[in-house]
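Here is the structure we will look at, set down as C-alpha cells.
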Amino acid sequence: MKTQRIMLALFLIYFVFAILLNSVGTVILQVINTYDVSKSGASVLEAFKDLPIAVVSFLVASFLPRIGYRNAMLAALALVTCACAAMPLAPSFLTTKLLFMCVGIAFALVKVSVYSTLGLVATDRRHHAGLMNTLEGVFMVGVLSAYWIFAHFIDSANPKSHGWLQVYWVLAGLCAATFALVLATPFDESTAALPEGRSRWDDFTAMLKLFFKPLICVFVITAFLYVLVEQSVGTWLPTFNNEILRLPAAMSVEVTSIFAACLALGRLSAGVVMRRVHWYPVMNACVIGMAAMVLLALPLTRDLAIGADVTWASAPLAVFLFPLIGLFMAPVYPGINSVMLSSLPKNQHSAMTGLLVIFSALGGTTGSFITGYV
C-alpha cells in the first residue's frame, strides 16, 4: 500500500509537469498571435525552460539526496503553483519567460527526485524498466491532456484574445493538489544515503566522473540526440499544423495531441513489453521505424489546400500520419534511462539522473532552435 501511494504521487507529479513543460509549443503559437512576437523570438521560450533544467541539474543533482527527494518535490510544486498564478495576473511575454524559467528549475528538482525514488521502489532491472516506461507513459498522457486543456481556452476567432491565460488557474489548482498529496505521503530514502564524511564537492566530482565512463557517455549522448528529435517535433508541430497545413489555431493544437497520444500509448505498451523482451532489439526497431515514418509522411504534406472550414472528418491523411511517429519514438528515452540507472548503485541514481537531465535539456533547446530558424 505504501509503494502504491508513492507511485501515485510520482505519477501525479509527472502528469502535472507534463502539462507545464509540453505546453511550450502551444504557448509559442499563442504568444506569436497575442503579443506579436516573432518566431525566432518565441523560440527562446524553449531555452527559458530547458537551460534552467540543465543548470540546476548540474548544480544540485549530485547532492540532492542530502536535501531529500520529498523536500525537493515539495519546493518544486510550490514554485510552479506561484508561477502559474502569475500568468493571468500579470499577462506579458516577460511573465511567460519567467513561467518557463520556474518550470525548468522545478522540473530539474522533480525529475532527479522522481527517477531516484523509482530506483528505491523497483525490485529488479526488468521491474525498473517497466515502471520507467509506465511513468513516462503517464507523462505523455499529461502531454495529451495539455493540448485539449489549452485548446479549450483558445479563441480561434480572436487570435489576440488573452482568454487562453485562464488555463493557468486550472494548472495552479492542480499543482496545489499535488503538493498536498506529496506532503501527506511518507518516503523512505535511507538506501539512497550518500557515503559518510564525503563533502559536497566530492559529490559533484563523482557525478562528473560518471560521464567519462565510455558506456555512460554513449548513453548520455544518445539521450541528447533523442530529445533533440522529440522536442523538434513536439514543440513546433502546432505551428507546423497552423502555418504549413493551414489548420485553424485551435485545431492545430488539438491535432498535435495525436503525437502525444502515440507517445503515451507507445510507452505504456513498452512498460509491459520490456518486462519480457530485452531492451536492445526494441530500441533498434524503434529508431528504424522513426526514420521510415518521416520518409513516408513528409512528402504527403506538400501542396495541400485545406479550407478554413476543415474538420477532423474532412482533414487529409497528411494531418494524421506524421504524428504517428510518436509510436516509434515512445520507448527509446525511458529505455535508455532505465538501462543506465538500473545498472548503478542506488546512491548514484541522483548523479546519473542529473547527467541525463542536463543533456536532455540541452538536446531539447538545440532541437527547438534548429527547427525554429529553419
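The requirement of being open to solvent by 70 Å² or more (accessible area, probe 1.4 Å), assigned by the TED database to the domain that holds residue 226 and not β-branched (Val, Ile, Thr) is not satisfied by residue 355. Taking the listed residues 230, 254, the one that is more than 15 Å from the chain's Cα centre (by Cα), of a type in the set (D, E, K, R) and closer than 25 Å to residue 43 by Cα is 254, with no other qualifying.
Give region 252-265 a look and list any residue that's open to solvent by 10 Å² or more (accessible area, probe 1.4 Å) and either touching a Phe, Trp or Tyr at 6+ places or on another chain (Cβ under 7 Å) or among the β-branched types (Val, Ile, Thr) (or both), or say none.
Within region 252-265, 254, 258 meet the criteria.
Would you mind stating whether residue 246 is part of a loop (DSSP other than H, G, I, E, B), farther than 17 Å from residue 323 by Cα and either hydrophobic (A, V, I, L, M, F, W, C) or more than 22 Å from the chain's Cα centre (by Cα) (or both)? Judged against the criteria, residue 246 is not a match. Could you look through region 48-59, keep only residues that are touching a residue at least 12 places away in the same chain (Cβ under 8 Å) and of a type outside the set (Val, Ile, Thr), and pick out the one that is nearest to residue 113 (Cα to Cα)? Filtering first and then ranking leaves 57. Against the numbered list (1) more than 19 Å from residue 354 (Cα to Cα); (2) in contact (Cβ under 8 Å) with a residue 40 or more places away in the chain, residue 79 comes up short only at (2). Selection of region 309-322 for residues being closer than 20 Å to residue 156 by Cβ and buried (at least 17 other Cβ atoms within 10 Å of the Cβ) yields 315, 319.
Among the residues here, residue 309 qualifies as among the charged types (D, E, K, R), outside any helix (DSSP H, G or I), within 21 Å of residue 147 (Cα to Cα) and at pLDDT below 80.
Here's the yes/no breakdown for (1) within 30 Å of residue 342 (Cβ to Cβ); (2) aromatic (Phe, Trp, Tyr):
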{"residue": "227", "(1), (2)": "yes, no"}
{"residue": "240", "(1), (2)": "no, yes"}
{"residue": "251", "(1), (2)": "no, no"}
{"residue": "257", "(1), (2)": "no, no"}
{"residue": "261", "(1), (2)": "yes, no"}
{"residue": "269", "(1), (2)": "yes, no"}
{"residue": "276", "(1), (2)": "yes, no"}
{"residue": "309", "(1), (2)": "no, no"}
{"residue": "321", "(1), (2)": "no, no"}
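Restricting the first member to region 82-105 and to residues that are open to solvent by 50 Å² or more (accessible area, probe 1.4 Å), and the second to residues that are of a type in the set (D, E, K, R), the beta-carbon pairs closer than 9 Å and six or more apart or on different chains are 101/49.
Taken over region 298-333, residues that are touching a Cys at 6+ places or on another chain (Cβ under 8 Å), more than 17 Å from residue 244 (Cα to Cα) and not β-branched (Val, Ile, Thr) amount to 7.
The values are calculated or read from the model by the stated rules, or taken from the named source; none is laboratory data. These figures come from a predicted structure and were not determined experimentally. Backbone-built Cβ (ideal geometry, glycine too); neighbour counts: all protein chains shown. Side chains included, ligands, DNA and RNA excluded: accessible areas come from the protein's heavy atoms. Shrake-Rupley method; radii C 1.70, N 1.55, O 1.52, S 1.80 Å.
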